[in-house]
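Student: Quick one: the structure is below, and I'll ask about it shortly.
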Amino acid sequence: MKKILVATEKPFAPVAVEGIRKIITEAGYELILLEKYADPGDLLSAVRDVDALIIRSDKVTPAVIDAAKNLKIVVRAGAGYDNIDLAAATAAGVVAMNTPGQNSNAVAELAFGMMVYMARNGFNGTSGSELRGKKLGIHAFGNVGRLVAEIALGFGMKVYAYDPLIDNATIEKCGIKALDKVEELYSTCRYISLHIPANEQTKKSINYKLLTMMPKGATLVNTARKEVIHEDDLLKVFEDRPDFKYLSDIVPDCAEKIKTAFEGRFFFTPKKIGAQTSEANINAGLAAARQIVGFFEKGDTTFKVN
Ligand code: 3PG
């Protein structure tokens, strides 16, 4: 009997786990759960004899791949797969997949939750500002970027997008102004919402040059990855621009410095919660389970990323 391990340091909602269990057991496989583990060593032991692995932001390192001698497939229930060592997976003949789009709405809604919170001064009772009429720049127009754009139009924001991988006509069909240069996005928009993946090209790419181009009242919203921010530059921008604010679904490495010196100009979720809704957990978790069954039963490799 095939063994499918769900290893989630940050667990799915119980209703999603039950849905995953149903799909796995109906396929005739065994489900093994490893939740809230604190020690990466626990994952090393748990993967030892499994055929498939479902993860969230859990790290699939070369050591994990090496320990998982029977592993054929790992599915990241979510969008970003920067937590999987793809080279190690490929070398071991392990298929890696993600579940694109399944948790996007939850992330897009959080971006707005944070924007409203900051525009209203952390709900502290003082007079804040509104989002209507403000310019929002969407940096990368993938699944989350598109939903952020849709919600922004509902808020009455003026919406711009930059994505070098998507043609302008596709962006403009959604009622969004497409810009050809990233610099143009940052110099035009008071709000910037980041939706780029973390990879060798994007790491530390959000830098002093881009952030200082932003108009007065600049607010950067990061529901992507902390690695895409050049944190030394971020601190310098906080210093140089008293109007600059940073909202992040990922606690930055320089959080303590920001907390000490820039009170009222930031908000960080305590842990990554963008996709932490029961809807997103159900969508992504069940998609992951179905993709595993499809892979074993029909050889389906749609959403393979390696
Ligand atoms: C993703 O890449 O799908 C999101 O960042 C969600 O990550 P999570 O599953 O760890 O919440």
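Student: Can you tell me the order of 281-289, 10-18, 144-152, 35-43 when each peptide is scored by its average per-residue count of other Cβ atoms within 10 angstrom, highest first?
Tutor: Final packing ranking: 281-289, 144-152, 10-18, 35-43.
Student: Mind ranking L165, L153, L194 by accessible surface for me, highest first, 1.4 Å probe?
Tutor: These residues rank, largest area first, as L165, L153, L194.
Student: Given a 1.4 Å probe and the protein chains all in place, what does the accessible area of C174 round to, in Å² to the nearest 10?
Tutor: That residue has around 60 Å² of solvent-accessible surface.
Student: For the chain, what relative contact order do you get, as a whole percent, if you take Cα pairs closer than 8 Å and at least 6 residues apart?
Tutor: 19 percent
Student: Quick check on the chain: what are the equivalent-ellipsoid semi-axes from the Cα gyration tensor, as sqrt(5λ), descending, whole Å?
Tutor: Over the Cα atoms of the chain, the ellipsoid semi-axes are 37, 20, 18 Å.
Student: Spin-label point model (7 Å from Cα, Cβ direction): what's the A255 to F123 distance in nm?
Tutor: 2.0 nm
Student: Using a Gaussian network model of the chain whose springs link C-alpha atoms within less than 10 Å, name the residue from S187, S205, S127 with the highest mean-square fluctuation.
Tutor: Greatest mean-square fluctuation among the candidates belongs to S127.
Student: Mind checking the dipole of the chain: about its Cα centre, +1 per Lys or Arg Cβ, -1 per Asp or Glu Cβ, Debye to the nearest 20?
Tutor: Using Cβ point charges on Lys, Arg, Asp and Glu, the chain gives about 520 debye.
Student: Could you give me D for the range 32-166, from Stokes-Einstein at 25 °C and 0.890 mPa s, where the hydrodynamic radius is the Kirkwood radius over C-alpha pairs? Units µm² s⁻¹, please.
Tutor: 140 µm²/s
Student: On a 1.4 Å probe surface of the protein chains, which of R132, R76 comes out largest in accessible area, and what is the full order?
Tutor: Putting R132, R76 in descending order of accessible area: R132, R76.
Student: Based on the Cβ-Cβ distance of Y37 and T170, what FRET efficiency does E = 1/(1 + (r/R0)^6) give at R0 = 35 Å, to the nearest 0.05?
Tutor: 0.30
Student: Sticking with this structure for a sec: Give me the percent relative contact order of the range 104-268, please, defined on Cα pairs under 8 angstrom at least 6 residues apart.
Tutor: 20 percent
Student: Please report the projected area of the range 104-268's Cα convex hull averaged over all directions, in nm².
Tutor: Averaging across all directions leaves 8.8 nm² for the Cα convex hull.
Student: Ranked from the most accessible area to the least, with a 1.4 Å probe and all protein chains present, what is the order of D167, D232, D58, D300?
Tutor: Listed by decreasing accessible area, they come as D232, D167, D300, D58.
Student: Let me ask something else. Beyond 19 Å between alpha-carbons counts as too far, so tell me which of K236/K259; K135/K177; K10/K203; K177/K204; K10/K272 fall in that bin.
Tutor: In this structure, K10/K203; K177/K204 exceed 19 Å between Cα atoms.
Student: How much length is gained if the chain between E239 and K69 is pulled fully straight, taking 0.36 nm per residue apart and subtracting their Cα-Cα distance, in nm to one decimal?
Tutor: Answer, rounded to one decimal: 56.2 nm.
Student: Let me ask another. Which FRET efficiency value, to the nearest 0.05, is calculated for F262 and R48 with the Förster distance at 41 angstrom and r the Cβ-Cβ distance?
Tutor: The calculated FRET efficiency here is 0.35.
Student: How much accessible area does S57 have with a 1.4 Å probe, in Å² rounded to the nearest 10?
Tutor: 50 Å²
The values are calculated or read from the model by the stated rules, or taken from the named source; none is laboratory data. Since the structure is predicted, the reported quantities are computational estimates derived from the model, not experimental observations. Please note: Cβ atoms are built from the backbone with ideal geometry, for glycine as well, and neighbour counts cover all protein chains shown. In case anyone asks, the SASA skips ligands and DNA or RNA and just uses the protein heavy atoms, side chains included. Shrake-Rupley method; radii C 1.70, N 1.55, O 1.52, S 1.80 Å.
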